[in-house]
Every structure is written in structure tokens, then in C-alpha cells.
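Take a look at the structure set out below.
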2 protein chains.
Amino acid sequence: LFIPRCRCLKTRKFVRVPITEVKVDEPRPHCNRREVIVTLKDGREQCLDPESKFTKELLKKL
Amino acid sequence: LFIPRCRCLKTRKFVRVPITEVKVDEPRPHCNRREVIVTLKDGREQCLDPESKFTKELLKKL
């Protein structure tokens with residue numbers, strides 16, 4: 001389960017669909033930026049911009 | 001990627017090994033409790049007690 005590279009090529013500022021899971025990957029050797037990946041209610045995964053207002057609010061709720 | 005059941009049978013209050021990823025699953029139809037699953041530096045996954053001091057501190061840092 002080693003996370004080799006960065007996972008997110010493009011990110012969104014926000015999502016409208018309900019979120020069932022939030023994954024936060026801290027910067028690490030193979031990817032020097034923080035990545036926030038949410039799983040949506042329908043199972044799809046979406047990368048979020050860690051710096052967007054929406055994401056910051058989301059992380060605060062955790 | 002639909003998360004059918006609860007994933008965590010037993011949880012730990014804290015971990016000492018560095019964490020590379022934090023997953024937070026909100027209560028949902030098939031699992032009515034919040035679950036916090038961390039990926040450790042060596043790739044292993046560990047469930048954390050969402051209510052422990054360690055976990056609360058961890059989530060605050062996100």
C-alpha cells in the first residue's frame with residue numbers, strides 16, 4: 001500500500017455530492033505536496049484543492 | 001469502491017510510527033460509526049479510536 005507518486009493531477013475547488021470518506025496524504029518523499037482525496041456517495045473519488053475554502057472548512061469539521 | 005461494512009474491529013488509542021495518510025469515514029448506512037484509519041510509513045494500516053486524545057489532536061492538525 002506504499003503510495004509512490006502524487007495521486008492528484010487536477011483538483012477541484014469543491015464538490016456538491018455528499019462525501020463518505022476524506023483522505024489526507026501528507027507530503028512525503030515521492031510526493032512533496034499535501035493531497036486531499038474525497039470519496040463521494042456514489043463511490044467516485046475526487047481530488048480537492050487543499051487550499052480552497054471548501055476544503056479548509058471540510059477539514060475543520062473532522 | 002463502495003465501503004460496505006465498518007472496517008475497524010479493534011482500534012488503538014495511538015500509534016508511534018509516522019503516519020503518511022489519514023482516512024476518516026463518516027457514519028453511513030452500512031456503518032453507523034465514524035472510523036479513522038491511518039496508513040503508517042511502512043504501509044500498514046491501523047484503526048484509531050476516534051475519541052482518543054491522540055486522534056483528536058491528529059485530526060486538528062489536518
#### Entry: Most mobile of A:ARG34, A:ARG44, A:ARG12 in a GNM of chain A (Cα contacts under 10 Å)
A:ARG44
### Query
Across the range B:25-31, in residue order, what do the Karplus-derived ³J(HN,Hα) couplings come to in whole Hz, using 6.51 cos²θ - 1.76 cosθ + 1.60 with θ = phi - 60° and x for Gly and Pro?
9, 6, x, 8, x, 8, 8
### Query
What pairs from A:LYS61/B:LYS56; B:LYS10/B:LYS60; A:LYS13/A:LYS53; A:LYS56/B:LYS60 go past 18 Å between their alpha carbons?
B:LYS10/B:LYS60
### Task
As a check on your grasp of the helix formula, calculate [θ] at 222 nm for chain A: sum -39500 (n - 2.57) over DSSP H runs of n ≥ 4, divide by the residue count, round to the nearest 500.
-4000 deg cm²/dmol
### Query
What are the label-to-label distances in nm, one decimal and shortest first, from B:LYS60 to the same spot in the other copies, with labels 7 Å along Cα to Cβ?
1.6
### Message
Suppose a student asked you for the relative contact order of chain B, using Cα pairs under 8 Å spaced at least 6 residues apart; what percent would you report?
### Response
33
#### Entry: Whole-number D in µm²/s for the protein assembly as shown (Stokes-Einstein; Kirkwood sum over Cα pairs; 10 °C, 1.306 mPa s)
107
### Message
Label position 7 Å from Cα toward Cβ: report the copy-to-copy distances for B:ARG34 in nm, one decimal, ordered from shortest.
### Response
1.8
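Ranked by Cβ crowding within 10 angstrom, fewest neighbours first, how are A:THR39, B:THR55 ordered?
Values: A:THR39 19, B:THR55 22.
Sorted ascending by nearby Cβ count, the order is A:THR39, B:THR55.
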### Task
For B:VAL17, place a label point 7 Å out from Cα along the Cα→Cβ vector, do the same in each other copy, and report the separations in nm, one decimal, smallest first.
3.3
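Rule-based calculations on the coordinates, nothing more; no lab input. Fair warning: this is a prediction, and the values are worked out from it, not measured in the lab. When we count neighbours, we look across all protein chains shown, and the Cβ atoms used for this are built from the backbone with ideal geometry, even at glycine.
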